[in-house]
């Protein structure tokens, strides 16, 4: 009954060739994630997490902490070095999704996960209309009926408060906040049980940030979708996340209920983050 929807175990992600010195993650300093011999960067070092149905899990850390590398690896944008991830609704949660075939990874991307990138240009095709972007996701999963695609696009864009007369316009003509809302619509097209959000409010004006965050909370409340929200901003995590992982130099240094982490941070780095939040 309590089996996690997504379970990630000991994920390692290295950028660089690696060497005999850094084969063992214990040889990498906790104060730096660079191998002193070969110069390889270890973006993720033995990262493990559980995500339960309907939960929002926050991952917070400074630039270079490995949080974005982790979610991009989960969406198969990047290939991991080693590790295991299972989804309880995929093959009874018994198969490591990282070792599945390219065809099965496409299935997981198109049916079981949605991804919202910090830069909308990564998640949207700017030469397609807003409705066309949603159609692309639907067609990839086997929905070809034009009427059904149009109806679903209308429903999603309306839910994201995009004016419907703009459904046939190119997203490149939209504001950053509207682009993010179109990107969220596309990610939700096939009702995936898992939504990954990578720094989705970075670079947006504060009022626009608030609107996007309100919409994310509305989605979670109405659709009971599980989310991983990545941010360097603990204020964003405080607004959204039930539980939080704190990452530094590729490692998870602290995790727990978001309220507990905010009220009683244990790790010196988390204490620094909370102190910064309190003095904003």
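Each reported figure results from applying straightforward, stated rules to the coordinates on display, with no laboratory input. These numbers come from a predicted model, not from an experiment. Quick reminder, even Gly has a Cβ in these numbers, built from the backbone with ideal geometry, and neighbours come from all protein chains shown.
Per-residue ellipticity at 222 nm computed for the chain from its helices equals -10000 deg cm²/dmol, with DSSP H segments shorter than 4 residues left out and the rest contributing -39,500 (n - 2.57). Between rounded, prolate and oblate, where does segment 146-246 land on the alpha carbon gyration tensor, with a ≥ b ≥ c its root eigenvalues, rounded for a/c under 1.5, else prolate if a/b exceeds b/c? Note, shape of segment 146-246 comes out oblate. The ranking of 144, 269 from fewest to most other beta carbons within 10 Å of each one's beta carbon is 144, 269.
Can you give the Rg to Rh ratio of segment 1-72, both from alpha-carbon atoms, with Rh computed by the Kirkwood formula?
Details: Rg = 14.2 Å, Rh = 13.5 Å.
For segment 1-72, the value is 1.05.
What is segment 98-213 by shape, rounded, prolate or oblate, if you read a ≥ b ≥ c off the alpha carbon gyration tensor as root eigenvalues and call it rounded for a/c under 1.5, prolate for a/b larger than b/c, and oblate otherwise? Note, shape of segment 98-213 comes out oblate.
Just to verify a number: FRET efficiency for residue 145 and residue 102, C-beta to C-beta distance, R0 = 25 Å, to 0.05?
Details: r = 27 Å, r/R0 = 1.07.
Step by step, r from the Cβ atoms, then E = 0.40.
Computed over the alpha-carbon atoms, the chain gives an Rg to Rh ratio of 0.97, Rh here being the Kirkwood radius from the mean inverse distance. Helix 146-159 axis versus longest C-alpha principal axis of the chain: approximately 60°, rounded to the nearest ten. Between 0 and 90 degrees, the angle of helix 206-223 with respect to the longest Cα principal axis of the chain falls at about 80 degrees. Ordered by the number of other Cβ atoms lying within 10 Å of each residue's own Cβ, fewest first, 172, 251, 181, 14 fall into the sequence 172, 251, 14, 181. In the chain, the longest principal axis of the Cα atoms and the axis of helix 130-140 are about 70 degrees apart.
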